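Note sheet for the following structure.
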Amino acid sequence: MNTNSDVPASSRKARLDARRAEKARKEALNSNKKPNKKPNKKQQQINAVEGDGKTSKRVKRKVTSVSRIANVDGITGIYGSSLELPTPVPSPPVPSPPAISPQTTSPQTTSSSSSQQNQSLKSLSPSSLLSHLQTSPPSTPSDLSYTIVTCLNLLRTNNALTEVEGEKLNFKGKIMEEIREIVRGMIEERESSPIDQIQPVESLKIIKSYIRNDLVPEAIRIMDRELSSDSAVVERSSALSILSTKYYDVDDYANAESTIKELETLGPKVRLFVDAYVNDSANSSRDASAFNLRIQNSIDWKHLIQSSSKCESRRRSSFKNGRLNGADLQPLILSKGGKSNVVFSVLRALTTHPAPNTDGIYEALANALVRRVTFLKGSVSMSTLPPPDRGEVAFIGRSNVGKSSLVNMICNRKALAYTSKRPGKTREFNFFSVNDKVDIMKEVKYGDEVRGVKDFDCFYIVDLPGFGFAKVSREQKDEWSKFQKEYFESRKNLRVVFHLIDSRHGLVSEDERIMKECSEIFKGKKDVSYVIILTKADKNDSTGRGKVSKTVMESVRNAMRENGVGSRPIITTSAETKYGRDGVWTYLKEAFNGGVNKF
Ligand SMILES: Nc1nc2c(ncn2[C@@H]2O[C@H](COP(=O)(O)OP(=O)(O)OP(=O)(O)O)[C@@H](O)[C@H]2O)c(=O)[nH]1
Ligand SMILES: [Mg+2]
């Protein structure tokens, strides 16, 4: 087997000697090339400081490519080489290396003892670490991974990840150079270890460290080599999420998009992996809920959302600047990810994963997707609707089913749309304008048209009056019903109709009539989505999660089939616990698909 632990000490020593000889040869060559080079004034100053044995001022460095650290030719996995100290500097005090527990072969204990070792390595000073690496090199692939991570972190905090060329190094610089050399060797050695001896969690650690240190191609190489099997699906997802965060941070739209897409496709596999574990746990003493929690937290969704959201706002600023400068917007938009909101890609990935339903994550999503929202106007007839200049989503359903509450929930506002315990609160088609320009919105007065250039992800939300409210006269009911039908038939910017049904009681006869009407009207309209929402799910279940009784679910499905909308989606929500927000948001994207220019 080709593992570190199997490499005999004598062979390591031989490689160490070979490395030293090579270095001495290079130095001799260099000294032959420039035998009488006089140090410049700055160098004299630095040497003078070093001569006192104190740390010098940082030498200005010529930086080479960051990726070189893992890509240098001719490295043979040598741990250590001689460190030539400038004379007459006394040798620094080298504390004896900490006691490190012997490694075992069990993955669990290997990881924990390695992390202990890592912990103790972290506390060493650079010179002690170097001395430790030279005298006790890591002996297993696991040790190797943790040691590489520790060394990379040390190099990063000392700005010493990159090679320094052409200048004489001070004392600390020499130590860093030595450590860097050793890391190169360790990386090579690690990469030649058989994959089955590497724990996915260790690969993930290395990948995180590489990405943090801007070694992205190296991180991808490890991800593809070591995290491609089904048993490493959780770690691969985690690695992909870190990678997409990185791409969003540096505005690399194309790579961010393809990485997040892969994360989205991995979601169902992660779910299967979790289900298998949970089923298995039923017959064993394993703690399924702790496992579930670990998987849910294996991706920092909040961080990913915030990075994508910042990326989105930089994208919008660049469009705005381009517009002001009279640039050709089309190529600019194409080069920056198109007319969408990049946060929706993260939302899609989130919905496929077993993500935790925590407020922090949804708060970040809501702020990114519904940045601004304001009440625009209440309409009572087709002629009083606002101009159809952007996409629109409508909430319909029986009176008191929770339409206005749901509008508030998805906009993350408490009282944007007025709600009431008593049915019949909403009496007009209430229009809310989402993601409009701040400066323009300030000028908007009741009923005004919102003027000016719009953001691509602006749209209208329409909260409709409920049907079936007994206290309204028959004429009024007929009028609303006629208006609603006309609205469905002729509102050309309508993109989504959310039909709400109370999850406790199921359908009323009016629901079935509306289903049929929608089925007939939207049959020929491919760009309108019709979605059923089962509301107030918290009332069915003391835990406040989205539970709906089998009877209600069955009756809704049957009615949908019978009325020609059998293939349309069903989302369960609770405005009380905010359950199901992500499901509803996923459809909001349809409201501006293609951008406002479409209308
Ligand atoms: N527990 C619980 N209560 C809800 C939920 N959604 C709405 N409600 C309550 O149900 C009542 C009616 O909610 P609204 O949002 O006003 O209903 P609506 O469909 O807009 O009613 P109309 O305007 O009359 O058509 C209010 O008291 C809400 O607080 C929910 O998900 N869970
Ligand atoms: Mg209402």
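Over 30 Å between Cα atoms, which of 414/589; 336/485; 172/208; 377/414 qualify? Each step should come with its number before you reach the end.
Values: 414/589 22 Å; 336/485 40 Å; 172/208 26 Å; 377/414 19 Å.
Listed pairs above 30 Å: 336/485.
Subtracting the Cα-Cα distance from 0.36 nm times the residue separation, let me have the gained length for residue 310 to residue 122 in nm, one decimal. Let's see the in-between values first.
Values: separation 188, 0.36 × 188 = 67.68 nm, distance 3.29 nm.
That pair, residue 310 and residue 122, stretches by 64.4 nm at full extension.
Taking a probe of 1.4 Å, how large is the accessible area per residue of the stretch 119-225, in Å²?
Values: 3630 Å² over 107 residues.
Counting only protein heavy atoms, the per-residue value for the stretch 119-225 is 34 Å².
Mind giving me the nanometre distance, one decimal, between the label points for residue 549 and residue 297, set 7 Å out from Cα along Cα→Cβ?
Distance between label points: 3.8 nm.
Once the Cα gyration tensor of the stretch 331-398 is diagonalised, what are the square roots of 5 times its eigenvalues, in whole Å and ordered largest first, as equivalent ellipsoid semi-axes? Write out the running numbers ahead of the final one.
Numbers: eigenvalues 170, 85, 27 Å².
In descending order, the three semi-axes are 29, 21, 12 Å.
Of 223, 382, which has the most accessible area with a 1.4 Å probe, and how do the rest follow in descending order?
Numbers: 223 10, 382 55 Å².
My answer, sorted largest first, is 382, 223.
In whole percent, what relative contact order does the stretch 187-240 give with Cα contacts below 8 Å and a gap of six or more residues? Walk me through the numbers before you get to the answer.
Details: 36 pairs, mean separation 20.1, N = 54.
Reported as a whole number, the value is 37 percent.
Mind giving me the FRET efficiency for residue 383 and residue 230? R0 is 51 Å, r the Cβ-Cβ distance, nearest 0.05 is fine. Intermediate results must be reported in sequence, preceding the final value.
Values: r = 59 Å, r/R0 = 1.16.
E between residue 383 and residue 230, to the nearest 0.05, is 0.30.
Principal axis extents for the stretch 229-369, Cα atoms only, whole Å, descending order, please.
67, 31, 18
On a 1.4 Å probe surface of the protein chains, which of 556, 278 comes out largest in accessible area, and what is the full order?
Working: 556 0, 278 50 Å².
Correct descending sequence by accessible area is 278, 556.
Once neighbouring chains are kept in place and the probe is 1.4 Å, which whole percent of the accessible area of the stretch 194-268 is contributed by carbon and sulfur?
Working: 1530 of 2820 Å².
Solvent-exposed carbon and sulfur of the stretch 194-268 make up 54 percent of the total.
Largest first, what is the accessible-area ranking of 196, 582, 143 with a 1.4 Å probe?
On the way: 196 135, 582 35, 143 5 Å².
Reading off the accessible areas and sorting them downward yields 196, 582, 143.
Heads up, I need the accessible area for residue 589: 1.4 angstrom probe, whole protein in place, Å², nearest 10.
Here the residue's solvent-accessible area equals roughly 40 Å².
Note down the accessible area of residue 478, probe 1.4 Å, to the nearest 10 Å².
Near enough 80 Å² of accessible area.
So what's the gap between the Cα centers of the stretch 477-547 and the stretch 225-243, to the nearest angstrom?
40
Determine the per residue accessible area of the stretch 229-369 with all protein chains present and a 1.4 angstrom probe, expressed in square angstrom.
Numbers: 6470 Å² over 141 residues.
Computed with neighbouring chains in place, this is 46 Å² per residue.
Calculated FRET efficiency, residue 418 and residue 136, Cβ-Cβ r, R0 60 Å, to nearest 0.05?
Details: r = 71 Å, r/R0 = 1.18.
The formula returns an efficiency of 0.25 here.
Give the accessible area for residue 561 in Å² (nearest 10); use a 1.4 Å probe, count only protein heavy atoms, and leave out ligands, DNA and RNA.
Around 140 Å² of this residue is reachable by solvent.
The values are calculated or read from the model by the stated rules, or taken from the named source; none is laboratory data. Quantities reported herein were computed from a predicted structural model and do not represent experimental measurements. Note that we place each Cβ from the backbone using ideal geometry, even for glycine, and neighbour counts take in every protein chain shown. The accessibility values were calculated without ligands, DNA or RNA, using every heavy atom of the protein model including side chains. Shrake-Rupley method; radii C 1.70, N 1.55, O 1.52, S 1.80 Å.
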